Amino acid sequence: MNTILRKSILGIAGLTVAGGLAAGPLNHDTSTPTTRDAAAVTTTQAAKLDSAALIPHGVQGTQSRIDLDDEQTANVKAIIAATKKAGMDERAAVVSIATALQESKLENLGHLGDRNDHDSQGLFQQRPSSGWGTVEQITDPEYSTTAFLKGLKQVDGWRDMPLTKAAQTVQVSAYPDHYAQWEQQAADLVAEHWNS
C-alpha cells in the first residue's frame, strides 16, 4: 500500500509540474508592453482599415497625391465626422474624400468668377442652381458632405461599384474618370484619421 500511495503521489506531483510548465511563464508573455508594441498594435489597426473594405476593387489607373495643409486636413476630419454622423462606413468616407480631392483639392472654395464651373462651390463643387443648397450651406463642410452622402445612399449598389462610378453617379461631372486617381490617398487619409 505504501508503494501504491507513493506512486500515486509521485504521479500527481508529476502532473502538477508538467501542468505548471505548460501554463507557466515559459509559455506566457508577462512583459510590459513597450512603445514599439503599442506602435505595432496601432499599425495593425491601421492595416485593418487599409483592407479590402477601403479599396475593394483596387485602384484604377495612375494615382495622384498632394501634400495637405492644416485647412485641408481639417476638411478631411470634417468629412469623416459627417460620414460617421450619417451612419455610413469607412468606404463612404473614402468615396467622399476622393471626390473632394478631385473637385477642390479639399479646399472649401467660394465662387471663383470666370475660373469657376458655373456656380460650383465648396469641397464638392456643388451648385446652388442645381439644388444642392444655398452658398452658405454648400460651403459648410458638414452640410456639403451630408448632401453628397445623401446622394451616394441613393445610388443602388454604390458599395459594389468602382469609386469613380459611384462618385460620378452623384456628381455628374464632365470628367467622370478623374475621381479614380485619388482613391489611394483617400483610403490612406481614412486609415489615418478614422479613429483619431
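The values are calculated or read from the model by the stated rules, or taken from the named source; none is laboratory data. Note that the coordinates shown come from a computational prediction; the quantities given were computed from them, not determined experimentally. As a convention, Cβ positions derive from the backbone with ideal geometry for all residues, glycine included, and neighbour counts pool all protein chains shown. The protein model used for the area step is the full one, side chains on, heavy atoms only, and it has no ligands, DNA or RNA in it. Shrake-Rupley method; radii C 1.70, N 1.55, O 1.52, S 1.80 Å.
Tally time: how many residues in the range 131-163 are open to solvent by less than 40 Å² (accessible area, probe 1.4 Å) and in a helix (DSSP H, G or I)?
11
I'm trying to understand the selection: among the residues of the range 168-185, which are within 21 Å of the chain's Cα centre (by Cα), of a type in the set (A, V, I, L, M) and within 16 Å of Arg127 (Cβ to Cβ)?
Val170
Applying the selection to the range 141-156, what residues are of a type outside the set (Ser, Thr, Tyr) and either within 19 Å of the chain's Cα centre (by Cα) or closer than 16 Å to Gly122 by Cβ (or both)?
Those that are of a type outside the set (Ser, Thr, Tyr) and either within 19 Å of the chain's Cα centre (by Cα) or closer than 16 Å to Gly122 by Cβ (or both): Pro141, Glu142, Ala147, Phe148, Leu149, Lys150, Gly151, Leu152, Lys153.
Take the range 121-130 and flag every residue that is in contact with a Leu (Cβ under 9 Å, 6 or more places away or on another chain) and either farther than 23 Å from His178 by Cβ or open to solvent by 20 Å² or more (accessible area, probe 1.4 Å) (or both).
Once the filter is applied, which keeps residues that are in contact with a Leu (Cβ under 9 Å, 6 or more places away or on another chain) and either farther than 23 Å from His178 by Cβ or open to solvent by 20 Å² or more (accessible area, probe 1.4 Å) (or both), the range 121-130 yields only Gln125.
Working only within the range 164-195, note down all residues that are of a type in the set (Val, Ile, Thr) and in a helix (DSSP H, G or I).
Hits for the range 164-195 are Thr164, Thr169, Val170, Val190.
List pairs: first in the range 80-92 and within 14 Å of Glu142 (Cβ to Cβ), second at pLDDT below 95 and among the small types (Gly, Ala, Ser), Cβ under 9 Å, 6+ apart or cross-chain?
Taking only residues 6 or more apart or on different chains, the pairs are Ile80/Ser196.
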